[in-house]
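Q: Right, I'll just put the structure down here and ask away after.
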Amino acid sequence: MARSILNDGFFESFASSVLDFSEAESLPPACYVDQEFFEFEKETLFFKEWLCVGRESWVKEPGDYFTSKHVGEPLVITRTKEGEVAAMSAVCQHRGMVVAEGRGHTRSLVCPYHHWVYSLNGELVGAPEMGRTCDFDRKDHGLPRLKVEIWQGFVFVNFDADAPALASRLSALDEVVAHYDLANLDGPPPSDPVRYSWNWKVMFENNNDGYHANRLHRGPLHDPIPSALAAFPELSDESAGYYRTNGSTHPDASFNPTQRALLPVFPKLTDEERNRVLFVNVPPTLSLVMNTDMILYLVMQAEDADHHSLMMGALVAPGAMENPMFDRLMQFNQESVAEIVSQDLHVDEMVQQGLKSKFAPRGRYSWQEGAQRQLNVWLVERYRRGWEQFKARLQ
Ligand code: FES
Ligand SMILES: [Fe+2]
């Protein structure tokens, strides 16, 4: 039987991944491909950190709901009668059916299997033909609740009832995104999540890799946002998220054949902000690609070491969607983005294969890969903490 890779030496080896880029090397390949390590990540990251599930605007009215899934856990998010956003496990506490799929509007959540009825808060309020069942109290069988926080219009949930608040640890990012008015933006409905055969971190890293922009994506669609203008500002260790910027060769540059923003530019942006793309990250689930006319949000939903799903959507400036040409402009944008993304997806798939090789490296970084180190810093602190807790539980 294979020996566990989880040991002190393995975790000590992470130290070289958080050095300055000039000295750092990537995390051990096992962190991307090993299922035991993924189970450790599940306990350490996904059941402890804040996970993005969607936008608050998707549950505007009491009775609105949408669903999500992280690490295989089906979740339902509602607007309650009291006007609060609530998040719950969507697993029926009778025999495990999933009580809600997709999105909609409802007075209560009715499990399709045997019609147990849950309130929008998750309380079990109806359970047919359970009167002869001994010691059955509906109060004991509600849907398990998760903590909820809203940051800049994004709904985050947390499985850990003792988790420290999120928004107060994102104040540095609040300053960076202030001129986009992110909390009040809207956009067309997001894509359904698409399942991919690679580790969630491969996706997260690719989206933040300034180094490949002029190489993999060389050509007119990406050239206005060149690798040479990448920057990776440092935030304090207290920050729960981080950001990077990539300057552009001209104002309001965009990834389409005109190389310019097609939609109305966010009205409060400064000249400096109009000459760059901003990438904002709240690991382990949310990445934002902030152009001057459109913000793409990527929600990564880890599943196992080799799989995750990606939900992608766009936010645009107020009034942009009222333009009768809006759908056509979005389609034009999306076709160009799709060309870039298809190059990324091929690389991601191949990287996951490469990371399984016995020749998989702990690679060295270019200065244009500062975001890989930013993620390593975020991860390693949590991995170390998780490993100490893991060991304490074994004693
Ligand atoms: S599994 Fe939901 S009511 Fe039976
Ligand atoms: Fe890319």
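Q: Taking the Cβ of Pro62 as the center, what net charge do the other residues with Cβ under 14 Å away carry, scoring Lys and Arg +1 and Asp and Glu -1?
A: Cβ neighbours under 14 Å give a net charge of -1.
Q: In whole percent, what relative contact order does the range 168-379 give with Cα contacts below 8 Å and a gap of six or more residues?
A: The normalised contact order for the range 168-379 reaches 28 percent.
Q: Right, something else. What number comes out for the charge environment of His308, summing +1 per Lys or Arg and -1 per Asp or Glu over other residues with Cβ under 12 Å away?
A: Once all neighbours under 12 Å are counted, the net charge is -2.
Q: If exposed means no more than 13 neighbouring beta carbons inside 10 Å and the site is in a DSSP loop, what's the longest run of the chain without any exposed chymotrypsin sites (Phe, Trp or Tyr not before Pro)?
A: 137-358
Q: If you don't mind, there's one more thing I want to ask. Using a cut-off of 18 Å between alpha-carbon atoms, which aspartates and glutamates can reach Lys139, once sequence neighbours fewer than 8 places away in the same chain are excluded?
A: Qualifying aspartates and glutamates at Cα under 18 Å: Glu123, Glu129.
Q: Can you give me the C-alpha center-to-center distance between the range 347-389 and the range 176-219, rounded to a whole angstrom?
A: 18 Å
Q: Something else: Could you work out the relative contact order of the chain? I mean the mean sequence separation of Cα pairs under 8 Å and 6+ apart, divided by the number of residues, in percent.
A: 20 percent
Q: If you don't mind, another one. Run through the range 223-298 and list the trypsin sites (Lys or Arg not before Pro) located in a DSSP loop whose Cβ has at most 13 other Cβ atoms within 10 Å.
A: Here the sparse-neighbourhood loop sites are Lys268.
Q: When every alpha-carbon pair in the chain is counted, what percent end up more than 31 Å apart?
A: Distances greater than 31 Å cover 41 percent of the Cα pairs.
Q: What longest range of the chain stays clear of loop-exposed GluC sites (Glu not before Pro) (DSSP non-H/G/I/E/B, at most 14 other C-beta within 10 angstrom)?
A: Counting only loop sites that pass the neighbour cut-off, the longest clear stretch is 239-395.
Q: Something else now. Once neighbouring chains are kept in place and the probe is 1.4 Å, which whole percent of the accessible area of the chain is contributed by carbon and sulfur?
A: Carbon-and-sulfur percentage of accessible area, whole number: 51.
Q: Here's another thing I want to ask about it. Work through the residues other than Phe159 whose Cβ is under 12 Å from its Cβ and net out their charges, Lys, Arg +1 and Asp, Glu -1.
A: Cβ neighbours under 12 Å give a net charge of -1.
Q: Shifting gears a bit: Among the lysines, which have Cα under 24 Å from the Cα of Lys48 when same-chain residues fewer than 8 positions away are ignored?
A: Lys69, Lys147, Lys201, Lys391
Q: Under 15 Å between alpha carbons, and skipping anything fewer than 8 positions from Lys356 in its own chain: which aspartates and glutamates qualify?
A: Asp34, Glu36, Asp304, Asp306, Asp348
Q: Next question, about the same structure. Accessible area per residue for the chain in Å², computed with a 1.4 Å probe and the full protein assembly in place, what is it?
A: Here the per-residue accessible area is 46 Å².
Q: Next question. Note down the relative contact order for the range 215-327 as a percent, whole number, built from C-alpha pairs under 8 angstrom at least six residues apart.
A: Once normalised by length, the contact order is 20 percent.
Q: Please flag any cysteine in the chain that has no other cysteine's Cβ under 4.7 angstrom from its own Cβ.
A: Among the cysteines of the chain, those whose Cβ sits 4.7 Å or more from every other are Cys31, Cys52, Cys134.
The values are calculated or read from the model by the stated rules, or taken from the named source; none is laboratory data. Not measured: the values here are computed from a predicted model. Don't worry about glycine lacking a Cβ; one is built from the backbone with ideal geometry, like all the others, and counts go over all protein chains shown. Just so you know, the surface numbers come from the protein's heavy atoms only, side chains and all, with ligands and any DNA or RNA stripped out. Shrake-Rupley method; radii C 1.70, N 1.55, O 1.52, S 1.80 Å.
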